[in-house]
Amino acid sequence: MRILLVEDDDLLADGIVTTLSLGGFTVDWVNSGEHALHSLSCEQFDLCILDIGLPKISGFQVLKRLRGATNMIPVLMLTARDQVADKVKGLDYGADDYLLKPFDVEELKARIRALVRRSHGDRQPELIICESATSTLRIQPDSHQVFDDDQEIKLSPKEFSLIHELAIHRNRILSKNQLTELIYGWAEEVDSNAIEVHIHNLRKKLGAGVIETVRGVGYRIS
Amino acid sequence: MLRITSIRKFLLIAIVILISLGWTISAIMIFHSSQEQIEELFDAELAQMSRILQALITSNRALHTNDLSNALEYLDKDVLAQEFTHKEYSVLGHKYEKKLAFLVWNRQGQLLIENHTQLPQSFEKLQPGFQIITSEMLAWRSFTLHDERFGLWIQVAQREDVRTELTNEIAWHSTLPSFLFLPVLMIVSGLIIRRGLSPLRIISNELKDRDYENLTSLVAASYPVELKQMVSELNSLFQRVSESYQRERRFTADAAHELRTPLSISKIHLQNIRQVSTSPKVIEFVDKALIGIERLIHMVQQLLILSRLDAGVEPDPEAPVDVVKLCHELIQETSDTPLFSGIYIQSRLPDRFEICTSETALRILLRNLLDNACRYANRDSQVEVILEGAELTIRNQCPLLEDEVLGKVFDRFARGHNSQQQGSGLGLSICQQICRQLKFTLSIQNREQTNQGKSDEGIDTCLRFTQS
């Protein structure tokens, strides 16, 4: 799951990036409203964590412009202001949730998961990858686990991220580049065939028919 | 220099003393001057009487015959000797007649006429003009006229005591009204001073009746010129105090906001260390650091609430709030707090108790009271929440507070116990501030009793939803 963090404080941003990476999220960080708007207009993210107190263009302005450009990405606002008026303003501008500094990392992760679930119209904490007469393959995003019926299938963090992305974008074809962005972000150096390797390993662990290859375009789960 | 403790008293006493002094001096002067004038009048009367006698006697034809004794034989001596004693005034005479004397001698010292008074008859001592003649009992003021042509000595006298009595009486009558008027003057002065000082009283009443947070200006136009300067200085003082008060409040609020980001940084990095570390020692230390951070976060939150209360931020509009429902919610919330895991919260609440108030403020108030009771309670003890009538009591089990500490629990940064669970020292201060706004009454007292053979001691926090 790829997240854009918009936070002007380096130390705090660093802490959030670390904690979310440890939680299996792919996090890209920008420190200004301008950069945030640019990144959100050209690349694909599952969620945006937006600090309100940004220099020049405030978080509220970023949100307003984003929604003005009909970008409906889930936005979690982060702020030091606890006044009801500020919360109302943020939510009215189109924020999906609101977290007050200082926050607990577990609460941050839980809210991110809930927002992403909601944005995909799925209120269940579990995602079903495929159902057959004999077995049900399901993902538990909270615990980063994949089960075949009750049998847990061990996956590496990147393999989990890849199957999770395909599952939440069910029936949509995701290109190799899109998948690379979603699971690696900007920070990591990636081999050109990394995605193929992960797909190969996933097919071995989950069964060949789960992930479908659309020639010349990408991959999808139907 | 005399220290003035009351302007009104000072003015009144000074004016009364001055008026009394002036009045007394002038009264004495009037008295003496009246006495002198009356004495002179009496003397003139004596002289005039002697002249009338002289004229009457010398006009008698017999005198021309130089046989005065024969001439005066025809006078009815009894009439002159008659004494009138009935009453002061009558058509027949006056009982004071014998206090006025007249005597007429001839050249040889023979007494020709007298009106039979007690005036000593001494021809040898006679000398013309005024003189005082004293006998054993009485003093007389006399005037003697010597008629050289006929060799007559005419003596007219008045009793000195009668003269003094009359003189004093007349003098008193002229000064007494002034003294009677003096108390009236003092009362009127008092009223005038009272009226004159009334603007001062109005200012002091207006200041006294003010809310302690009211720093608005007084209307200078409604005060007299002498007070305008003072009122304007007072207003400028209010202005300065109000500005510095605002600055201080903004500073607290800004500081509390600014502290949130560094606190977030510390907390998130500590939580990250905790997540990646495998060393139990490191985890233990990080947990302790996290407790410190949590305490700091709590304090910042409390400071923010307090600065908002100080700023007089209007609580949300009053609406009916079910206190019981709110209590249940907060008891649940507090029970779920890991910090109070050893505390068992028991409640004795009716089904419903509704009051009309600000829900946000009441929530902060009750949460703080409950938090406070749990924070300072003995480990693994019970906290009771009891609502009876319009009175909510929260009782915990903890060491008793000394009287001196008990008197200061509502002070900011005051700490009651040397407990391991340290709070921000602001909780009760916040509660009191809210109670003041919502017009509730809050009291805290020690409880020491024996319950079924076991000693029960702790603190009772009592919140009355009415003003005492």
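List of remarks:
- Output for the range A:22-51, where each listed residue is at pLDDT 90 or above and within 14 Å of chain B (Cβ to nearest Cβ): A:Val27, A:Trp29, A:Asn31, A:Ile49, A:Asp51
- Some residue of the range B:425-445 being closer than 21 Å to B:Glu402 by Cα, surrounded by fewer than 20 Cβ atoms within 10 Å (Cβ to Cβ) and modelled with pLDDT under 85: yes
- Whenever a residue of the range A:75-102 is facing chain B (nearest Cβ under 10 Å), its partners that are of a type in the set (Ser, Thr, Tyr), lying with C-beta atoms within less than 7 angstrom and at least six residues away or across chains, give the pairs A:Ala80/B:Thr261; A:Leu100/A:Thr79; A:Lys101/A:Thr79; A:Lys101/B:Thr261; A:Lys101/B:Ser264; A:Pro102/B:Ser264.
- Flag for A:Glu106 being surrounded by fewer than 16 Cβ atoms within 10 Å (Cβ to Cβ), closer than 30 Å to B:Leu290 by Cα, modelled with pLDDT of 80 or more and acidic (Asp, Glu): yes
- Only residues that are small (Gly, Ala, Ser) and in a strand (DSSP E or B) were counted in the range A:197-219, giving 1.
- One residue from B:Gln239, B:Gln229, B:Gln271 being loosely packed, with under 12 Cβ neighbours inside 10 Å and either more than 14 Å from chain A (Cβ to nearest Cβ) or over 25 Å from the mean Cα position of the chain (by Cα) (or both): B:Gln229
- Scanning the range A:20-48 for residues that are touching a Ser or Thr at 6+ places or on another chain (Cβ under 7 Å) and of a type in the set (A, V, I, L, M) yields A:Val27, A:Val30.
- Of all residues in the range B:102-116, those that are surrounded by 17 or more Cβ atoms within 10 Å (Cβ to Cβ) have Cβ atoms under 6 Å from Cβ atoms of residues that are among the aromatic types (Phe, Trp, Tyr), 6 or more apart or on another chain, in B:Trp105/B:Phe123; B:Trp105/B:Trp153; B:Asn115/B:Phe102.
- Single residue of B:Val282, B:Val323, B:Val241, B:Val276 found to be outside the structural domain of B:Ser358 (by TED's automatic domain parsing) and touching a residue at least 24 places away in the same chain (Cβ under 8 Å): B:Val241
- Number of positions in the range B:242-268 that are more than 10 Å from every other protein chain (Cβ to nearest Cβ) and among the β-branched types (Val, Ile, Thr): 1
The values are calculated or read from the model by the stated rules, or taken from the named source; none is laboratory data. No experiment lies behind these values; they were computed from the predicted model shown. With ideal geometry, Cβ positions are generated from the backbone for all residues, glycine too; neighbour counts draw on all protein chains shown.
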